[in-house]
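A short write-up of the structure that comes next.
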C-alpha cells in the first residue's frame, strides 16, 4: 500500500515538472548541509553522539512565478554516522529528493526574504558496504518522505530544514536473528543551505 502511494505521488511530481510552462524560472546551484538524529536548537545539535552525518551536492529548481509553486530536484552525497552500542555505523548514499515547493510571497520584502514549505519523496541509493554487523545488512535503496520549511534570502540563498520519514527499511536481518525492537528505518532531520543561480 505504501509503495503504491509513493509511486503515485512521485509520478505526480514528475508530471508537474514536465508540464511547467515555458515562463517557469530555472535555477541551479550547490547545496550542503548536516543530518542529525534529533533537532534541538542548542549546542547539543552538533554533539558527535547526535550527528548522523553530512551532505552535499547540486540542487535544481523550477518555479512558476505567478503561483510561486514549483519543484526542486537534488542529487546529494549523504554520509550518515550513527553511534551504536558497540561501534559507529557509517553508511554513504547518493540521495535524490524530489520536492513540491511553495514560496510564500510577502509584500514589499519578497525580494529580500521569502519563506517556503516543501514536501516530496527521497530515494537514497547505498554506495558504501552493505554489511553493518554479523546480524544486519543495509538495503541498497532507502525511500523516505520529506516535509520541510525554509527561507530564501536575496533570491539566491536558501536555508531549509526537513524531516525525513523512513518509508522502507534501511536494514534487513541476516540469518535467523530477529528482533522486534529494531525498526530498521532511517528517520532524520536535515539542515541545508543552497546558493542558486
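Laboratory data are not the source of any read-out in this text; all were calculated from the coordinates shown. Everything quoted here is computed from the prediction, not taken from an experiment. Reconstructed Cβ throughout: ideal geometry from the backbone, glycine too, with neighbour counts over all protein chains shown.
Given their separation in residues at 0.36 nm each and the Cα-Cα distance between them, residue 119 and residue 165 gain 15.5 nm when the chain is fully extended.
Rounded to 0.05, the FRET efficiency of the residue 32 and residue 156 pair, given R0 = 22 Å and the Cβ-Cβ distance, is 0.90.
Which FRET efficiency, nearest 0.05, do residue 12 and residue 140 yield, Cβ-Cβ r, R0 25 Å? About 0.50, to the nearest 0.05. Exposure proxy shown here: for 141, 55, the number of other Cβ atoms within 10 Å sets the order, fewest to most, as 141, 55.
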